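Asks: The structure follows.
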């Protein structure tokens, strides 16, 4: 199972509000190998974010199997899921989710602080990563003093600095102009190549779809296509 960063089998999720049921995922089966650079795409309501939240252990599936970094998430307690997220999964959100009172460096090192890493070692790791992704010299700026593209790079650094097995990026370019989006994708693709970290995006952005090495299409909570740049590798009606 460890050869797969992510493996799902017949995953189903329905949201319920009183007597109303809204199916979200309808029998999704999917395998993503370690080191892949993958995007999920589909119209609003296709359940891209639900899929990422379930893979990240932020939400629970009703039925099915979800394996991430060699662990079956359906068998883990809430505490065990939190520990897995802390050590093995990084998150990048559309709205950056940076803490405004912290500097860029403090935001990026926050997960390392939660892991108990000493301050000097945290700073060294963040400064090294900042140099690699074009943030050197911005360590002491607060989010309000950074551009949108710079803030999202800080968010990527926060996700990557713990050396996770998997990065989940939910619409990471949605609030960026085209040039900033391309620069961010350059950074993420470089990190994917140099570290072997698996990246899984949800997106509406054609630029992300074009740059992904694999594109999984969703509609109404089902996979309708699974493509690589070399052509169609799988499809589900």
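Asks: Can you name the condition, by its number, that residue 185 falls short on among (1) buried (at least 18 other Cβ atoms within 10 Å of the Cβ); (2) free of Cβ contacts under 8 Å to residues at least 12 places away in the same chain?
Replies: All conditions are met except number (2).
Asks: Go through the stretch 196-210 residue by residue and tally those that are assigned to a helix (DSSP H, G or I), surrounded by 15 or more Cβ atoms within 10 Å (Cβ to Cβ) and without any contact (Cβ under 8 Å) to a residue 60 or more places away in the chain. Let's see the steps before the verdict.
Replies: First, pick out the residues of the stretch 196-210 that are assigned to a helix (DSSP H, G or I): 206-210.
Of the ones still in play, those that are also surrounded by 15 or more Cβ atoms within 10 Å (Cβ to Cβ) are 207-209.
Going one step further and asking which of them are without any contact (Cβ under 8 Å) to a residue 60 or more places away in the chain, we end up with 207.
Result for the stretch 196-210: 1.
Asks: A further question follows. For residue 159, state whether it is at negative phi, part of a helix (DSSP H, G or I) and either touching a strand residue (DSSP E or B) at 6+ places or on another chain (Cβ under 6 Å) or at pLDDT 95 or above (or both). Let's see the steps before the verdict.
Replies: Details: at negative phi: yes; part of a helix (DSSP H, G or I): yes; either touching a strand residue (DSSP E or B) at 6+ places or on another chain (Cβ under 6 Å) or at pLDDT 95 or above (or both): yes.
When the stated conditions are applied, residue 159 passes them.
Asks: Could you figure out which of (1) outside any strand (DSSP E or B); (2) in contact (Cβ under 8 Å) with a residue 12 or more places away in the chain isn't true of residue 168?
Replies: (1)
Asks: Taking the stated definitions as given, is residue 19 more than 16 Å from the chain's Cα centre (by Cα) and free of Cβ contacts under 8 Å to residues at least 12 places away in the same chain? Break it down into steps so the answer makes sense when it comes.
Replies: Numbers: more than 16 Å from the chain's Cα centre (by Cα): yes; free of Cβ contacts under 8 Å to residues at least 12 places away in the same chain: yes.
The answer is yes for residue 19.
Asks: Which residue out of 90, 57 is in contact with a helix residue (DSSP H, G or I) (Cβ under 6 Å, 6 or more places away or on another chain), closer than 28 Å to residue 111 by Cα, touching a residue at least 24 places away in the same chain (Cβ under 8 Å) and in a loop (DSSP other than H, G, I, E, B)? First the steps, then the outcome.
Replies: On the way: 90 fails: in a loop (DSSP other than H, G, I, E, B).
So the residue among 90, 57 that is in contact with a helix residue (DSSP H, G or I) (Cβ under 6 Å, 6 or more places away or on another chain), closer than 28 Å to residue 111 by Cα, touching a residue at least 24 places away in the same chain (Cβ under 8 Å) and in a loop (DSSP other than H, G, I, E, B) is 57.
One line per residue, one yes/no per condition, for (1) assigned to a helix (DSSP H, G or I); (2) loosely packed, with under 15 Cβ neighbours inside 10 Å; (3) in contact with a strand residue (DSSP E or B) (Cβ under 8 Å, 6 or more places away or on another chain):
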residue	(1), (2), (3)
6	no, no, yes
43	no, yes, yes
50	yes, no, yes
53	yes, no, no
61	no, no, yes
65	no, no, yes
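The values are calculated or read from the model by the stated rules, or taken from the named source; none is laboratory data. Because the structure is predicted, anything quoted here is derived from the model rather than measured. FYI the Cβ positions are ideal-geometry reconstructions off the backbone, even for glycines, and counts take in every protein chain you see.
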